[in-house]
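Chemist: Quick one: the structure is below, and I'll ask about it shortly.
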Amino acid sequence: MSRSRTRTGPTTARRGRRAEQRGREDYTGGVYGSMLAASVVIGSGSLGSFPRTELVLLLLLTGVVFWIAHVHAQLFGARLAQQTPDRRVVLQVCRDEWPIVNAALPPAAAVAVSPLLGLDVRGALWLALFVAVAGQIGWSVAAAHRAGASRRLVAATASVNLVLGLLIISFKIVLTH
């Protein structure tokens, strides 16, 4: 005779909370972080002796600083007025805002691998900029898709973010010419 057991208890409850959190994930920080990364690339006109290393660090550290700023704003802006945040709330806000840092990783990786592609520093900057804009579009599409948006709305958000990305690229062209 075989008995089937159903798991209940803390592990199942934890899995349920994780699934619920994945369903509520907000990719706004990824879109924002990608735009931030593109802006960092545009603003990095004068790099020192190790331009690729400096740009990778600039992208990553700027992402971390903005992540901290967003976590601080979330915790001490609206939440503090309601209640003092506990450890669980602090960790949840840190996780919710982490896409800002994640968005800096692909452009930084593009700069890091650019020598393998035979690119000079200027080429690495352009590659990082295009990767950041592609990330911006990708994060917006992921956010719309996750929210259950129609195909038309997904296409609209991708289009808006493409236009914003092209605007950032045009700033780069104007600033360097």
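The values are calculated or read from the model by the stated rules, or taken from the named source; none is laboratory data. Just so we're clear, the structure is a prediction, and the values are computed from it rather than from any experiment. Glycine gets a Cβ as well: all are built from the backbone with ideal geometry, and neighbour counts include every protein chain shown. Just the protein is used for accessible areas: all its heavy atoms, side chains included, with ligands, DNA and RNA removed. Shrake-Rupley method; radii C 1.70, N 1.55, O 1.52, S 1.80 Å.
Chemist: Within region 148-169, identify whether any single residue is open to solvent by 80 Å² or more (accessible area, probe 1.4 Å), in a loop (DSSP other than H, G, I, E, B) and not small (Gly, Ala, Ser), and answer yes or no.
Modeler: No, region 148-169 contains no residue that is open to solvent by 80 Å² or more (accessible area, probe 1.4 Å), in a loop (DSSP other than H, G, I, E, B) and not small (Gly, Ala, Ser).
Chemist: Continuing with this model, one more query. Kindly evaluate VAL65 against the criterion of being out of contact with any Ser or Thr (no Cβ under 6 Å at 6 or more places or on another chain) and open to solvent by less than 80 Å² (accessible area, probe 1.4 Å). Let's see the steps before the verdict.
Modeler: Numbers: out of contact with any Ser or Thr (no Cβ under 6 Å at 6 or more places or on another chain): yes; open to solvent by less than 80 Å² (accessible area, probe 1.4 Å): no.
So VAL65 does not fit the description; no.
Chemist: Something else: How do the pairs read when you match residues in region 141-163 that are within 21 Å of ALA38 (Cβ to Cβ) and touching a residue at least 60 places away in the same chain (Cβ under 8 Å) with residues anywhere that are open to solvent by 30 Å² or more (accessible area, probe 1.4 Å) and among the β-branched types (Val, Ile, Thr), using Cβ under 7 Å and keeping only pairs 6 or more apart or on different chains?
Modeler: Hits for this filter: ALA143/THR28; ASN161/ILE137.
Chemist: Give me the helices (runs of 4 or more DSSP H) completely within region 85-136, filtered to those with at least 3 residues that are open to solvent by less than 10 Å² (accessible area, probe 1.4 Å) and closer than 22 Å to LEU61 by Cβ, ordered by residue number. Spell out the reasoning first.
Modeler: Working: elements: 87-97, 99-102, 105-113.
Result: 105-113.
Chemist: Output the number of the condition that ARG3 fails; it satisfies all remaining conditions of (1) at pLDDT 75 or above; (2) more than 17 Å from the chain's Cα centre (by Cα).
Modeler: The number of the failed condition is (1).
Chemist: In this structure, is GLY16 part of a helix (DSSP H, G or I), open to solvent by less than 80 Å² (accessible area, probe 1.4 Å) and either modelled with pLDDT of 85 or more or not aliphatic (A, V, I, L, M) (or both)? If you could, list the steps in order and put the result at the bottom.
Modeler: Details: part of a helix (DSSP H, G or I): yes; open to solvent by less than 80 Å² (accessible area, probe 1.4 Å): yes; either modelled with pLDDT of 85 or more or not aliphatic (A, V, I, L, M) (or both): yes.
Yes; evaluated as a whole, the condition is true for this residue.
Chemist: Considering only residues of region 29-81 that are assigned to a loop (DSSP other than H, G, I, E, B) and of a type in the set (S, T, N, Q), which is modelled with the highest pLDDT? Write out each step before concluding.
Modeler: Going residue by residue through region 29-81, those that are assigned to a loop (DSSP other than H, G, I, E, B) are 44-50.
With of a type in the set (S, T, N, Q) added as a condition, the list becomes 44, 46, 49.
Working: SER44: 68, SER46: 61, SER49: 76.
Checked region 29-81; the qualifying residue modelled with the highest pLDDT is SER49.
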